[in-house]
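Report on the following structure.
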Amino acid sequence: MNENVAKLINTQINKEFYSAYLYLDFANYYASAGLDGFENWYKVQAQEERDHAMLFYQYLQNNGEAVTLTAIDAPEWTRGDNMAPLKKALEHEKYVTSLIDEIYGAAYAVKDFRTMQLLDWFVKEQGEEEKNASDLITKMELFGTDAKGLYMLNSELKARVYTAPSLVL
Ligand SMILES: [Fe+2]
């Protein structure tokens, strides 16, 4: 594999684990706030991020590239009201999209079609992640300010169940 592409993917493993860590801390926040549905939503989200990390890990392994695991940063976000994690999540997903795009650009530059094919899945996934994060902000704006609305929204988010990623390596 191209050295730069392999290096960027190796870094992305860390970034995905960081995402999992950030979302676990959101779950942690909502658990303290008594919103178990929001907690569940972000626990599932954290699981998905671990899956993303493992997909990149496995991809490097499958291509004979050594993986270097590095320290994961502490989750960095400013606690505030119940909307704060939702806004941070959207901002974070946009950042992750920029990272995926950067790896795609590097793979494209060296005609690494195999990596581009892998990343096609992630490009689509990021589109979904940004939409989910954005939709949740809209719902919170519409219903979250009213106690009954918040109760209903919390119940809706509690129903989310984890499903394994559609991409298998
Ligand atoms: Fe991810």
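Quick note: the coordinates plus some simple rules give every number you see, no bench work behind them. It should be emphasised that the depicted structure is a prediction, and the values quoted were computed from it without experimental measurement. We place every Cβ from the backbone using ideal geometry, glycine too, and count neighbours over all the protein chains shown.
Here is how the numbers come out for the structure above:
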| read-out | value |
| --- | --- |
| Yes/no for Glu16 being more than 30 Å from Tyr151 (Cα to Cα) and part of a loop (DSSP other than H, G, I, E, B) | no |
| Restricting segment 19-43 to residues that are touching a residue at least 24 places away in the same chain (Cβ under 8 Å) and aliphatic (A, V, I, L, M), the residue that is farthest from Ala147 (Cα to Cα) | Ala20 |
| Matching helices (runs of 4 or more DSSP H) fully within segment 62-169 where at least 3 residues are buried (at least 17 other Cβ atoms within 10 Å of the Cβ), within 16 Å of the ligand (Cβ to nearest atom) and not basic (Lys, Arg) | 84-109, 113-143 |
